[in-house]
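None of the figures in this text is laboratory data; all of them are computed from the coordinates on show. Remember, predicted model here, so these are calculated numbers, not experimental data. Glycine gets a Cβ as well: all are built from the backbone with ideal geometry, and neighbour counts include every protein chain shown.
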Amino acid sequence: MSEIVLETKGLTKYYGGKLALDHLDLQIPRGSICGFLGRNGAGKTTAIKMMLGLLHPTAGSAALLGCDSAALTPAVRQRIGYVTEGHRLFRWMSIAKLERFQRAFFPEQWDDRFFGDMIEYFELSTKQKIKHLSNGQRAQVSLALALAPNPELLIMDDPTLGLDAAIRRQFLEGMIELITRQGRTVLFSSHILADVERVADRVVVVDRGRLRADCPLEAFRASVRKVIAKFSDTAPSEAQIEGLLHCRHSKKQLEMTLVDVGDAEVAEWARQTGAEHYEFVEMNLEDQFIEFTAPPNHRRLFQWEEVE
């Protein structure tokens, strides 16, 4: 069996004359937890829908578990779990009725005990109707429904959006429960980068429809760095160093965001430019993502944002 469970080749989508996704090439290996990242409108949901065969691409192709996404068979679909943004469920059903409805699509693989354990873990009653549940509780039910068939591949589109911190943590711990089952693979988009940092081992970054990064999380964390250099006299207006993403300056200081630049290269740049002192600034994943996807002409909007 192939170790690549999700693959796209040149996946492209236009809406009229507007480009939504531009030749996306991905290969997600079995057993990985992949955070699918991008700003609003970057093309994440469009890509996910094409991967699942819910939207026809303008060009290119996608395949899940070795099957073309445009022709996913019922047998392959039974091996895939999908949690949609907003957790759309039949509001008039109770949790018990919704479970019976969902189980009918997975007659041979539905794990009654696991579903029951998840509902109990989330402190829900199967008698409760969906319309009486909070957003967080609907998200919990959605996760239980997606995991109960024991899917090989779980795809989730911003599943924790709108949930409070405690519910998000419960949700993520439930997701981790799935991953502990050997060979399971997860692709999930999220705007909450702390969630991605907590559970993902791989990140894919899409920016304005184009693939910008596809690598292990630790590699991304190590490659995007911020340096602040101070000068005794006036700082240069620009920084000439390979790998520079952004540069902001004040009279005696430069703040640079760099990609794949080593310590020795920064030290040599500081020596050549006459920097009095420089230091690397610690960033979390959210800081790195914002810097990495900021447009080239990004500038601070307010005077109080200027570097001191």
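Before moving on, here are some points about what is shown:
- Each peptide in 208-214, 125-131 gets a packing score, the mean of other Cβ atoms within 10 Å over its residues, and the list from highest to lowest is 208-214, 125-131.
- Taking Cβ atoms as reference points and 12 Å as the exclusive limit, the residues near LEU258 contribute a net charge of -4, counting Lys and Arg as +1 and Asp and Glu as -1.
- Overall form of region 222-305 per C-alpha gyration tensor (a/c, 1.5; a/b vs b/c): oblate
- For the chain, the residue among THR73, ALA166, TRP92 whose Cα projects farthest onto the positive side of the dipole built from Cβ charges is TRP92.
- Shape category assigned to region 1-99 from the gyration tensor of Cα positions, a/c cut at 1.5: oblate
- Gyration tensor (alpha-carbon) shape descriptor, region 131-281, a/c threshold 1.5: prolate
- Listing TRP269, TRP92, TRP110 from fewest to most neighbouring C-beta atoms within 10 Å gives TRP92, TRP110, TRP269.
- Sequence-ordered 3J(HN,Hα) estimates for region 198-215 from the Karplus curve with 6.51, -1.76 and 1.60 and θ = phi - 60° stand at 6, 10, 7, 10, 8, 10, 10, 10, 10, 10, 6, x, 10, 6, 10, 8, 8, 6 Hz, glycine and proline given as x.
- Where GluC sites (Glu not before Pro) fall in DSSP loop in region 71-140, at most 11 other Cβ within 10 Å: GLU108, GLU123
- Estimated purely from DSSP H runs of n ≥ 4, each contributing -39500 (n - 2.57), the mean residue ellipticity at 222 nm for the chain is -8500 deg cm²/dmol once divided by its residues.
- Near PRO29, once Lys and Arg are set to +1 and Asp and Glu to -1 for all other residues with Cβ below 14 Å from its Cβ, the sum equals -2.
- Straight-distance candidates among the lysines for linking to LYS129, with alpha-carbon spacing under 16 Å and chain neighbours fewer than 8 residues away dropped: LYS97.
- Peptides 278-290, 146-158 ordered by average Cβ neighbours within 10 Å, highest first: 146-158, 278-290
- Under the convention that each Lys and Arg Cβ holds +1 and each Asp and Glu Cβ holds -1, the size of the dipole of region 4-208 around its Cα centre is about 600 debye.
- Annotation: extensible slack from ILE176 through SER250 equals 22.1 nm (criterion: 0.36 nm per residue apart, minus Cα-Cα distance).
- Residues whose amide H falls under 5 Å from that of LEU37, counting only those 5 or more places apart or on a different chain, are VAL204, VAL205, VAL206, with hydrogens built in the peptide plane.
- Here's the list of lysines a cross-link from LYS13 could span, going by alpha-carbon distance under 17 Å and ignoring same-chain residues fewer than 8 apart: LYS44, LYS49.
- Helix 165-179 axis versus longest C-alpha principal axis of the chain: approximately 70°, rounded to the nearest ten.
- Net length gained if the chain between ASN284 and ALA267 were fully extended (0.36 nm per residue, minus Cα distance): 3.8 nm
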